[in-house]
Amino acid sequence: MNIRFPDGSSHVFEDGMTALDIAQTISPRLAKATLAARIDGKRQDAFAPIHGDHDLQLLTFADEDGRWAFRHTAAHMLAQAVKRIHPEAKLAIGPAIENGFYYDFDTPETFTPEDLDAIEKEMAKIAEEDNKLERFELPRDEAIAYVKELGEDYKVELIEDLPEDAVISFYRQGDFVDLCAGPHVQSTAKVKNVKLMNVAGAYWRGSEKNKMLQRIYGTAFEKRNELDEYVARIEEAKKRDHNKLGRELELFTTVDIIGQGLPILLPKGARVIQLLQRFVEDEEQRRGYQLTKTPFMAKRDLYKISGHWDHYRDGMFIMGDPDDEEAEVFALRPMTCPFQFMAYLNRSRSYRDLPLRYNETSTLFRNESSGEMHGLIRVRQFTISEGHLAVAPDQVEEEFKGCLDLAKFMITTLGFEDDVSYRFSKWDENNTEKYIGSKESWEKTQDMMRTILNDLGVVYTEADGEAAFYGPKLDIQIRNVHGKEDTLITIQIDFQLAERFGMTYTDRDGEKKYPIVIHRTSIGCYERTLALLIEKYAGALPTWIAPVQVKLLAMTDRTHEHTIHLQRLLEQAGFRVESDLRNEKIGFKIREAQVQKIPYMLIIGDKEAESGAVAVRSRKGGDLGTMPFDEFIAKLRAEVDARSHD
RNA sequence: GCCAAUGUAGCUCAGUUGGUAGAGCAGCGCAUUCGUAAUGCGCAGGUCUGGGGUUCGAGUCCCCACAUUGGCUCCA
């Protein structure tokens with residue numbers, strides 16, 4: 001048989017050789033590293049015999065698909081270990097995921113940390129046993145009978161849901177067999193470095209209507225040191241957790257009796273958000289936005305028009321009995337759109353008014369489920385850099401581009417440009433009752449958005465079922481220290497709400513037309529942005545948004561007066577400054593300012609009081625030596641004006 | 001909401017089989033006036049998240065509530 005490799009070269013091998021055999025002919029080292037194969041573009045077992053002419057790529061741990069096979073085998077070993085220790089456990093699904101794998105089990109008792117230790121040990125034993133993986137296929141009826149006999153009810157359901165003509169394959173490793181499409185590595189002996197991370201609840205098939213299963217998360221690496229490094233990296237990342245750092249640095253706190261998802265922004269956190277907000281509002285003004293300030297609540301009648309009453313009611317805080325049609329029922333706003341639409345409706349509009357750009361620093365209230373709350377990232381009251389644009393059809397692309405440019409400007413300024421990804425969030429055409437509008441209008445809008453994204457060269461992934469109820473979105477996503485992805489910024493195109501609200505403009509031809517509405521944020525939610533800034537910079541916020549930029553450290557009582565004098569001068573120059581006049585050693589004061597991650601410390605001793613110069617220390621560079629006070633101010637101003645974030 | 005873990009001084013954490021609550025840091029006082037990441041001594045600080053129960057006795061055991069944290073999106 002003729003085998004062609006990715007580099008274009010071709011070689012003839014004996015028919016029936018496996019990818020591993022072929023790797024062996026190239027080098028034993030390569031054979032050892034080979035975990036799976038890609039044959040004519042499809043992932044396959046490296047231990048399966050190959051017949052005929054094919055393209056072949058050998059997959060190692062360096063390849064995503066190689067890692068996938070490796071960790072998927074680890075998942076099977078996890079299931080094998082669990083079945084040995086807890087034979088009553090029923091198996092659900094167990095895929096490889098980014099950075100690891102999991103397996104879902106239905107067990108009468110939940111797993112404890114001790115159980116995990118025992119299971120991990122059993123997995124090590126299974127690796128020792130060097131069980132060879134073996135694939136076999138069964139016809140549908142036999143497959144169902146087989147898993148029924150094993151008592152695996154969930155597997156029965158999985159097979160029944162497979163298409164009639166699907167190939168139903170199983171993998172055997174020693175005393176364990178699992179329904180699986182593969183591929184796998186050739187032996188459990190390959191998977192020696194495993195760590196089970198945690199147990200979590202997870203609904204069968206991800207639906208809360210179904211039973212909650214026990215999910216065990218784990219990870220596996222080819223080499224011991226890679227596993228150790230990964231675990232250390234996770235520990236390291238947790239040190240940047242905004243939930244910990246943000247509280248330590250006194251940026252925010254929470255209080256039981258106020259309630260879940262309702263953080264208190266302490267003076268330093270409030271300062272950072274104020275600085276961001278001023279920056280955003282000024283930039284938006286520069287870009288032709290008009291600021292509105294609209295009410296935090298409205299009668300339910302408004303939400304009935306917008307569709308929130310029918311499609312977002314669970315997410316709203318409602319005051320009064322929502323079912324009492326006679327009563328005046330108010331609800332806190334979960335979004336700003338209907339309010340800014342009322343501003344648009346204030347007078348009749350002409351095509352000359354378009355594009356009309358409204359912005360608002362808008363506080364919103366959403367009744368998130370209790371388990372969804374997370375630090376400052378997911379809260380029940382938050383403030384966003386909201387905005388709505390009413391545009392004519394021929395302005396959509398240009399205005400969308402403007403929104404995207406603004407978003408990118410914000411992302412770059414904050415230093416997030418390497419951390420974000422773009423997601424084109426579409427509706428779920430199998431679940432249309434979640435949305436307003438017709439299939440045609442959704443498809444039209446989504447096609448338009450896709451065209452714009454492609455025209456602008458945006459690199460994005462598509463996601464079904466992630467749209468807003470009124471239209472598709474471009475979501476700019478970012479990950480927190482736990483690797484969990486959240487939306488930072490969003491830009492949405494809406495063909496529907498203008499009509500619902502009777503928002504029109506008179507076009508050149510005298511006809512009344514509905515504008516297209518773009519919903520967008522420029523920096524997103526301030527609380528979330530603060531959280532991600534804390535994690536990005538490990539609390540050492542860039543100087544231009546640092547709540548305290550300079551700390552003056554008086555050496556002795558003799559220099560108090562001079563220290564206060566310098567503080568006044570810096571404050572008058574517009575900087576945020578604190579002085580430490582306590583009767584403590586200078587090393588102690590430095591340590592404290594350093595722990596608080598204050599960008600600059602000025603040490604004011606007798607020498608400085610005498611000369612008028614200042615001894616400068618930076619949180620990053622340590623002792624920078626002595627410089628004239630004016631030079632320090634110039635340096636600081638340059639850094640702030642540049643909004644640098646190195 | 002669901003599955004779990006956690007909740008002791010402002011913070012970080014000890015607290016034995018159920019026997020009357022402890023440390024470090026922070027705070028306050030005194031001494032020290034010091035040159036680039038922790039000066040020393042002393043003082044004060046607690047409804048052990050809240051409520052109920054078991055018990056002669058509960059921080060500890062049980063139940064409920066609240067809050068914090070991880071997961072519930074990755075589909076054989």
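The values are calculated or read from the model by the stated rules, or taken from the named source; none is laboratory data. The model shown is predicted, which means the values in this text are computed figures rather than measured ones. Cβ coordinates were reconstructed from backbone atoms using ideal geometry, including for glycine residues, and neighbour counts include every protein chain displayed. Please note that ligands, DNA and RNA were not included when accessible areas were found on the heavy atoms of the full protein model with its side chains. Shrake-Rupley method; radii C 1.70, N 1.55, O 1.52, S 1.80 Å.
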Summed residue charge, Cβ within 9 Å of residue A:315's Cβ, Lys/Arg positive, Asp/Glu negative: 0
Tilt of helix A:629-641 relative to the longest C-alpha principal axis of chain A, in degrees (0 to 90, nearest 10)? 50
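How much length would be gained if the chain were fully extended between residue A:314 and residue A:145, taking 0.36 nm per residue of separation minus their Cα-Cα distance, in nm to one decimal? Spell out each step's value before the answer.
Working: separation 169, 0.36 × 169 = 60.84 nm, distance 4.34 nm.
Taking 0.36 nm per residue and subtracting the Cα distance, the gain is 56.5 nm.
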Counting Lys and Arg as +1 and Asp and Glu as -1 over every other residue whose Cβ sits under 15 Å from the Cβ of residue A:437, the net charge comes to -3
With all protein chains present, calculate the accessible area of residue A:112 using a 1.4 Å probe and round the result to the nearest 10 Å². 50
The range A:382-480 - percent relative contact order, Cα under 8 Å, separation 6 or more: 40
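In deg cm²/dmol, rounded to 500, what helix-only [θ] at 222 nm does chain A give when every DSSP H run of at least 4 residues adds -39500 (n - 2.57) and the total is split over its residues? Let's see the in-between values first.
Values: 20 runs with 227 residues, N = 646.
That comes out to -10500 deg cm²/dmol.
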Determine, from the Cβ-Cβ distance of residue A:114 and residue A:287 and an R0 of 45 Å, the FRET efficiency 1/(1 + (r/R0)^6), rounded to the nearest 0.05. 0.15
Taking a ≥ b ≥ c as the square roots of the Cα gyration tensor eigenvalues, with a/c under 1.5 meaning rounded and otherwise prolate when a/b beats b/c, else oblate, which class fits the range A:559-646? oblate
Just to be sure I understand the model, the point goes 7 Å from the Cα along the line to the Cβ. What's the resulting residue A:204 to residue A:418 distance in nm? 4.6
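Restricting to Cα pairs below 8 Å that are 6+ residues apart, what does the relative contact order work out to for the range A:225-322? Please round to a whole percent.
For the range A:225-322, the relative contact order is 12 percent.
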Modelled FRET efficiency - R0 41 Å, residue A:561 with residue A:591, Cβ distances, 0.05 increments: 0.95
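What FRET efficiency would be calculated for the residue pair residue A:132, residue A:250, taking the C-beta separation as r and a Förster radius of 60 Å, to the nearest 0.05?
On the way: r = 58 Å, r/R0 = 0.97.
That gives a FRET efficiency of 0.55.
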Could you provide, to the nearest whole Å², the per residue accessible area of chain A with probe 1.4 Å? 48
Counting Lys +1, Arg +1, Asp -1, Glu -1, what net charge surrounds residue A:127 among other residues with beta carbon under 9 Å of its beta carbon? 0
Take the solvent-accessible surface of the protein heavy atoms, probe 1.4 Å, and return the percent of it on chain A that carbon and sulfur atoms account for. 48
Computed lengthening from residue A:4 to residue A:342, 0.36 nm per intervening residue step minus Cα-Cα distance: 115.2 nm
Within the range A:419-495, DSSP-loop trypsin sites (Lys or Arg not before Pro) with at most 11 other C-beta atoms within 10 Å are A:484
So the angle from the long Cα axis of helix A:224-238 to the longest Cα principal axis of chain A, reported in degrees to the nearest 10, equals 30
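Could you grab the relative contact order for the range A:468-591? Cα pairs under 8 Å, six or more apart, rounded to a whole percent. Intermediate results must be reported in sequence, preceding the final value.
Values: 156 pairs, mean separation 20.8, N = 124.
Once divided by the residue count of the range A:468-591, the mean separation gives 17 percent.
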Helix axis angle, A:64-85 relative to chain A longest principal axis, alpha carbon, degrees: 70
Simple spin-label estimate for residue A:42 and residue A:372 in nanometres, 7 Å along Cα-Cβ: 4.1
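If I stretch the segment between residue A:175 and residue A:153 completely, what's the gain in nm (0.36 nm per residue apart, minus their alpha carbon distance), one decimal?
Once the chain is fully extended between residue A:175 and residue A:153, it gains 6.0 nm.
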Distance (nanometres) between label positions extended 7 Å along Cα→Cβ at residue A:618 and residue A:646: 0.7
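Among rounded, prolate and oblate, which fits chain A when a ≥ b ≥ c are the square roots of the eigenvalues of its C-alpha gyration tensor, a/c under 1.5 means rounded, and a/b larger than b/c means prolate? List each step's numbers first, then the result.
On the way: a/c = 1.98, a/b = 1.33, b/c = 1.49.
In terms of gyration-tensor shape, oblate.
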